[in-house]
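The values are calculated or read from the model by the stated rules, or taken from the named source; none is laboratory data. No experiment lies behind these values; they were computed from the predicted model shown. Cβ: placed from backbone, ideal geometry, glycine included. Neighbour counts: every protein chain shown.
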Amino acid sequence: MGIFTVLCALVLLGAAVPAWSEKHSLYYIYTALSKPVERPGIYQFTAMGLLDDREIDYYNSENQRKIPRQHWMKEKMQEDYWEKGTQSRKSKEQWFNVNVDILMKRMGHNDSDVHVLQWRHGCEVEKQGDEVKFSKGIDEYSYDGDNFLSFDDKQSQWVAPVDAAVPTKRKWDNVPILNQYTKGYLEKECVDWLNKFRDYGDQELKHGSPPEVDVFAKRCTSDKTKVKLTCFATGFYPKDVILTIRKYRTPLPEDEVESTGIRPNHDGSFQLKKSTIIREDEKAEYDCFVHHRTLEVPVITKWDGKCKDCTQETFLGMAIGAAIGGLVVLGVGGLVYYLKWRRNRQQNDSDTTRSSSTGSQDRVIHCANLTELPNTEITVPQHGSDTDSGQGSGEDSAASSQEAVNLLIGNSNGQSQKPAEAQSLLTKPSE
């Protein structure tokens, strides 16, 4: 079948397929707990690199080694790369250990519960043909699962969504070279590393894997006269996909469709499920339309009009599979959610008692009081090249562990580093 015939068929089917553009991303995610948690696979500090949402390297506080997660990373990157990366992540581990404690004091939290500090930074690009364009850069921090601080790449300044982050924003914005360095890393160096990694993993990453598509229905429990029609695509990579439920070859409006969002599978591929509620006796023709860049033509799978015997166990298994896949990428994401839920529950249970005995006493240390606390300045961790090796890591700096800690907590008398002193500890990518 010729291209012209295929295009005509798509027009007749009412499917508007946009010009396909590739989207790629490179992110590094760091997670630190305020104290150890006795759970299998949960470490006090973890770090990982994600290329197009696929894990490419990993580090944890128990093994303390930066290791490859893809065979092509092991083959292409020299041993010196992993040695330098290991030292840099050990330095970051110290940074996080210090700053979790600082944030706990700033928030008025004690060590009776586990608190989580996370940092995510990286870049995204869009490729059309041979042209690669920078799309956006992200450098953001969260504390106990809530946004704490983020970098505005366009304005070259930090954004503090909560009062407790304002002192850190002021400190970092008062050192212009820090913001210039961050912007330069996100827009240039990160993109260079992304392209380099993409080239290294050409066969595995660029070819990808096509989706498997299924359409099924089950009876609604709340209304026996209706069924839930579901379109399920799984096993595709990369994660960008177009999936629509169509009625008489016309896509349903978005407000009539429920979506799980794209979720990771355990093998590094992705899945997406969309559903809609229809009457059981409806005789309309429904189908699932899926387009992915690994497909020469879209997949169109028709619903046979039957409500199959879909048991609760089947859907539970799908949900567990998605959750396991999510943990591969998010690490302690489930733990963060649980801690927030437990903390909120404890807070609600104790509000009545505490309000009667302490009145309106604040639990959070306000910005005005931060000057009274020694060693409460948070300083940005470094990212960039391992400048003394001739081969960078794509995310780590050459600052030593001791320099990183000194930059964090200030000098011995409890005062923060002056901007000039902080600048002297930076290493530029070109050096």
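Would you confirm whether any residue within the stretch 176-194 is more than 30 Å from H71 (Cα to Cα), of a type in the set (A, V, I, L, M, F, W, C) and in contact with a helix residue (DSSP H, G or I) (Cβ under 8 Å, 6 or more places away or on another chain)?
Scanning the stretch 176-194, I find at least one residue that is more than 30 Å from H71 (Cα to Cα), of a type in the set (A, V, I, L, M, F, W, C) and in contact with a helix residue (DSSP H, G or I) (Cβ under 8 Å, 6 or more places away or on another chain), so the answer is yes.
From K127, K183, which residue is touching a Gly at 6+ places or on another chain (Cβ under 8 Å) and of a type in the set (K, R)?
Sole residue among the options that is touching a Gly at 6+ places or on another chain (Cβ under 8 Å) and of a type in the set (K, R): K183.
Let me confirm something: among L33, L103, which residue is among the hydrophobic types (A, V, I, L, M, F, W, C) and either in contact with a Gly (Cβ under 6 Å, 6 or more places away or on another chain) or modelled with pLDDT of 95 or more (or both)?
Of L33, L103, the one residue that is among the hydrophobic types (A, V, I, L, M, F, W, C) and either in contact with a Gly (Cβ under 6 Å, 6 or more places away or on another chain) or modelled with pLDDT of 95 or more (or both) is L33.
Condition check: touching a helix residue (DSSP H, G or I) at 6+ places or on another chain (Cβ under 6 Å) and surrounded by 15 or more Cβ atoms within 10 Å (Cβ to Cβ). Does R263 satisfy that? Reasoning before the result, please.
Values: touching a helix residue (DSSP H, G or I) at 6+ places or on another chain (Cβ under 6 Å): yes; surrounded by 15 or more Cβ atoms within 10 Å (Cβ to Cβ): yes.
Taking the combined requirement at face value, the residue satisfies it.
Looking at the stretch 56-84 only, could you name the residues that are of a type in the set (D, E) and over 26 Å from K35 (Cβ atoms)?
Residues satisfying the conditions are E75, E79, D80, E83.
Give me the residue from the stretch 34-68 that is over 19 Å from the mean Cα position of the chain (by Cα) and either within 30 Å of G108 (Cβ to Cβ) or outside the structural domain of E79 (by TED's automatic domain parsing) (or both) and, out of that set, surrounded by the most Cβ atoms within 10 Å (Cβ to Cβ).
S34
Taking the condition of being in contact with an Asp or Glu (Cβ under 8 Å, 6 or more places away or on another chain) and of a type in the set (G, A, S), how many residues in the stretch 123-176 meet it?
3
Could you identify the single residue in V132, V215 that is surrounded by fewer than 21 Cβ atoms within 10 Å (Cβ to Cβ), touching a Cys at 6+ places or on another chain (Cβ under 6 Å) and not in a helix (DSSP H, G or I)?
V215
Sort through K105, K74, K92 and tell me the only one that's under 18 Å from Y27 (Cβ atoms) and assigned to a helix (DSSP H, G or I). Write out each step before concluding.
Details: K105 fails: under 18 Å from Y27 (Cβ atoms); K74 fails: under 18 Å from Y27 (Cβ atoms).
On inspection, the qualifying residue turns out to be K92.
Could you identify the single residue in K154, K92, K136, K76 that is of a type in the set (K, R), in contact with a helix residue (DSSP H, G or I) (Cβ under 6 Å, 6 or more places away or on another chain) and in the same structural domain as I177 (by TED's automatic domain parsing)? If you could, list the steps in order and put the result at the bottom.
Numbers: K154 fails: in contact with a helix residue (DSSP H, G or I) (Cβ under 6 Å, 6 or more places away or on another chain); K92 fails: in contact with a helix residue (DSSP H, G or I) (Cβ under 6 Å, 6 or more places away or on another chain); K136 fails: in contact with a helix residue (DSSP H, G or I) (Cβ under 6 Å, 6 or more places away or on another chain).
Going through K154, K92, K136, K76 in turn, just one is of a type in the set (K, R), in contact with a helix residue (DSSP H, G or I) (Cβ under 6 Å, 6 or more places away or on another chain) and in the same structural domain as I177 (by TED's automatic domain parsing): K76.
Being surrounded by fewer than 14 Cβ atoms within 10 Å (Cβ to Cβ), small (G, A, S) and over 16 Å from Y28 (Cβ atoms) narrows it down to one residue among S209, S222; which is it?
Going through S209, S222 in turn, the sole match is S222.
Just one of G235, G268 is touching a strand residue (DSSP E or B) at 6+ places or on another chain (Cβ under 7 Å), modelled with pLDDT under 95 and within 16 Å of V299 (Cβ to Cβ); which is it? Show your work before the answer.
Details: G268 fails: within 16 Å of V299 (Cβ to Cβ).
From the options G235, G268, the qualifying one is G235.
Of the residues that make up the stretch 170-191, is at least one outside the structural domain of K76 (by TED's automatic domain parsing) and farther than 30 Å from K306 by Cβ? Working first, answer last.
Within the stretch 170-191, the first condition is being outside the structural domain of K76 (by TED's automatic domain parsing), and the residues that meet it are none.
No, because not a single residue in the stretch 170-191 is outside the structural domain of K76 (by TED's automatic domain parsing) and farther than 30 Å from K306 by Cβ.
Return the residues of the stretch 232-265 that are in contact with a Leu (Cβ under 9 Å, 6 or more places away or on another chain), touching a residue at least 60 places away in the same chain (Cβ under 8 Å) and assigned to a loop (DSSP other than H, G, I, E, B); say none if nothing qualifies.
P238, K239, R249, T260
Across the stretch 108-128, which residue is surrounded by the fewest Cβ atoms within 10 Å (Cβ to Cβ) among those that are among the acidic types (D, E) and part of a strand (DSSP E or B)?
E126
Got a sec? Which of G129, G145, G208 is on the phi > 0 side of the Ramachandran plot and without any contact (Cβ under 8 Å) to a residue 12 or more places away in the chain?
G129
Hey, N195 hits all of (1) surrounded by fewer than 16 Cβ atoms within 10 Å (Cβ to Cβ); (2) more than 24 Å from L50 (Cβ to Cβ) but one; which does it fall short on?
Evaluating N195 over (1) surrounded by fewer than 16 Cβ atoms within 10 Å (Cβ to Cβ); (2) more than 24 Å from L50 (Cβ to Cβ) leaves (2) as the failure.
Can you find a residue that is acidic (D, E) and within 23 Å of the chain's Cα centre (by Cα) anywhere in the stretch 121-131?
Checking the stretch 121-131: at least one residue is acidic (D, E) and within 23 Å of the chain's Cα centre (by Cα).
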